[in-house]
Amino acid sequence: MKTSNYDFNKYRLMAPGPVQMSEGVLKALSEPMIHHRTPAFVKILNTALSGLKYVFETTNPVMILPTTGTGAMEAALVNTLSPGDHILCVAGGKFGERFEKIASAYNISTSTVDVKWGETVDAKVIDSFLASHPNTKAVTVQACETSTGVMHPIEEIAKVVKNYPNTLLIVDGITAVGATKLPMDQWSIDILLSGSQKAFQIPTGLAFISLSKKAWAFAENSTCPKFYLNLKKEMLANQQGQTHFSSSVSLIRALNVVLQEIEKQTLPAWQQRVTNLSIATQKAALALGLKLFSSSPSPTLTAIEVPQNVDGAALRKHLEEKYNITVMGGQDHLKGKIIRIGHMGDISDDDALSTIHFLALSLNELGYAIDEKVIEKATQEMKALL
Ligand SMILES: *Cc1c(COP(=O)(O)O)cnc(C)c1O
């Protein structure tokens, strides 16, 4: 099962979430259960809450919700807004559109900044909208739009929204927080949220959210219905060393393994690894003669255009079945047109190199000829960047 130096006996999860997990995380997940109302768990929870503040780069409390990432998106809106409010949503992919859908479920009306899929939003467009619509209660945006692999200019957008005292900036950092620079306090992000199965390298099932002082002031006046996702109650429970409802003990223990590793390596060093993986993957894709889909690629994932005469769905299936590698395809109108490789997991150099090597072999086997020497050169160039 060996092709040159690369081995496909090992299963490689190279999707942009869920991601490959470390041995330490797997071990933590297999530990015996303890009750969450115990001094031992209070310690575990407090460790997690303080580690999250380090990764969010904030002095505000970060809360842990027992939901997927979408739960934190919903919590952001229902805890700060009221039915009848109007918000501005940046849409340029699947996840941008999700904020609009959540808002409409709560009778919050929306305007859309339509961004072409694969491109980034222009902060000036947001500025001129807010200048002419000062009653806009919030701007929602993804730091990284995972469906297209684009990184939006959050620092610039935050500089704009900061000038509007009646408007919150809500950032979905589900494929960004931890893995790439997104300092909540320094950039003045009002609500920053994330999820466990992407940049945090643990299973699906937890979401993380933090509110600025400005956002907590909005929470005082919010009348959206909420019961399970009540952040004020969550924060009060956290102050007692508890979570509002039963705690996800195993997931929080696993989270601490990752948070401690980030603290040990330091956040900038942890983020640099993700950046290196992405730059190496981008370079290798170009060296293979492929095109990148995004105009401003996120360090957390690389979206690569599938060559015209190749079926993207067949390519994914081939990589999965023959080479034991999972990558993601495109969604909606990008179905079959792109593949997306994630860089947020516990990924070794060998995993990253093997993915490109077997991607090239798969393309060859599906009729898109790439010379063996070109493949060798692409992986050598990549190696030099890791
Ligand atoms: C994955 C993802 C979500 C949705 O998270 P779930 O855990 O599936 O609810 C939302 N936003 C972005 C940017 C994502 O990548």
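How high is the relative contact order of the range 222-307, given as a whole-number percent (alpha carbon pairs under 8 Å, six or more residues apart)?
Result for the range 222-307 is 17 percent.
Working from Cα positions, state the angle (0 to 90°, nearest 10) between the long axis of helix 69-78 and the longest principal axis of the chain.
The angle comes out near 30 degrees.
Give the residue list of trypsin sites (Lys or Arg not before Pro) in the range 189-292 that are DSSP loop and have at most 14 other beta-carbon atoms within 10 angstrom.
Passing sites in the range 189-292 are LYS291.
Connecting C-alpha atoms closer than 10 Å in a GNM of the chain, tell me which of ILE191, ILE339, ILE126 has the biggest fluctuation.
Checking each option, the largest mean-square fluctuation is seen for ILE126.
Which order results if VAL42, VAL139, VAL55 are arranged by neighbouring Cβ count within 10 Å, fewest first?
VAL42, VAL55, VAL139
Nearest 0.05, what FRET efficiency do GLU156 and LYS291 give at R0 = 25 Å with Cβ-Cβ as r?
Efficiency, rounded to the nearest 0.05: 0.40.
Return the long-range amide H neighbours of LEU169 (sequence gap of 5 or more, or a different chain), with a cut-off of under 5 Å between placed amide H atoms.
Hits under the 5 Å cutoff: VAL139, ASP190, ILE191.
Roughly how far apart, in whole Å, are the Cα centres of the range 326-386 and the range 303-319?
If we compute the Cα centre of each part, the gap is 10 Å.
Please arrange PHE293, PHE227, PHE208, PHE245 by how many other C-beta atoms lie within 10 Å of their C-beta, fewest to most.
Arranged by neighbour count, lowest to highest, PHE293, PHE227, PHE208, PHE245 become PHE227, PHE245, PHE293, PHE208.
Determine the shape class of the range 186-313: with a ≥ b ≥ c the square roots of the Cα gyration tensor eigenvalues, call it rounded for a/c under 1.5, and otherwise prolate if a/b is greater than b/c, oblate otherwise.
Taking the square roots of the gyration eigenvalues as a ≥ b ≥ c, the range 186-313 is prolate.
Just to confirm my numbers, what's the Cα centroid distance between the range 251-287 and the range 184-220 in Å?
19
Which of GLY118, SER294, GLY92 sits farthest toward the positive end of the charge dipole of the chain, with +1 on the Cβ of Lys and Arg and -1 on the Cβ of Asp and Glu?
Going by the Cα projections, it comes out as GLY92.
Let me check against my output: what whole-number percent is the relative contact order of the chain, with C-alpha pairs under 8 Å and at least 6 apart?
24
Can you compute the charge dipole magnitude of the range 9-81 about its Cα centre, using +1 on each Lys and Arg Cβ and -1 on each Asp and Glu Cβ, nothing else charged? Give it in debye, rounded to the nearest 20.
Computed about the Cα centre, the dipole is about 200 debye.
Just need the relative contact order of the range 1-89 here, percent rounded to a whole number, with Cα pairs under 8 Å and 6+ apart.
Relative CO of the range 1-89 lands at 9 percent.
What chymotrypsin sites (Phe, Trp or Tyr not before Pro) in the range 1-74 are in a loop by DSSP, with at most 16 other Cβ atoms within 10 Å of the Cβ?
TYR11
On C-alpha positions alone, give me the angle between the axis of helix 39-56 and the longest principal axis of the chain, in degrees, nearest 10.
The angle comes out near 70 degrees.
Contour minus end-to-end for ASN5 and SER104, with contour as 0.36 nm per residue of separation and end-to-end as the Cα-Cα distance?
Residue separation times 0.36 nm, minus the Cα-Cα distance, leaves 30.4 nm.
Show me, for the range 214-222, the HN-Hα J-couplings you get by feeding each phi into the Karplus relation (A = 6.51, B = -1.76, C = 1.60, θ = phi - 60°), rounded to Hz, glycine and proline as x.
4, 5, 5, 5, 4, 4, 4, 9, 6
Any read-out appearing in this document is the output of simple, stated calculations on the displayed coordinates, not a laboratory observation. Since we're looking at a predicted model, the values are computed, not measured. Virtual Cβ from ideal backbone geometry, glycine too; neighbours counted across all protein chains shown.
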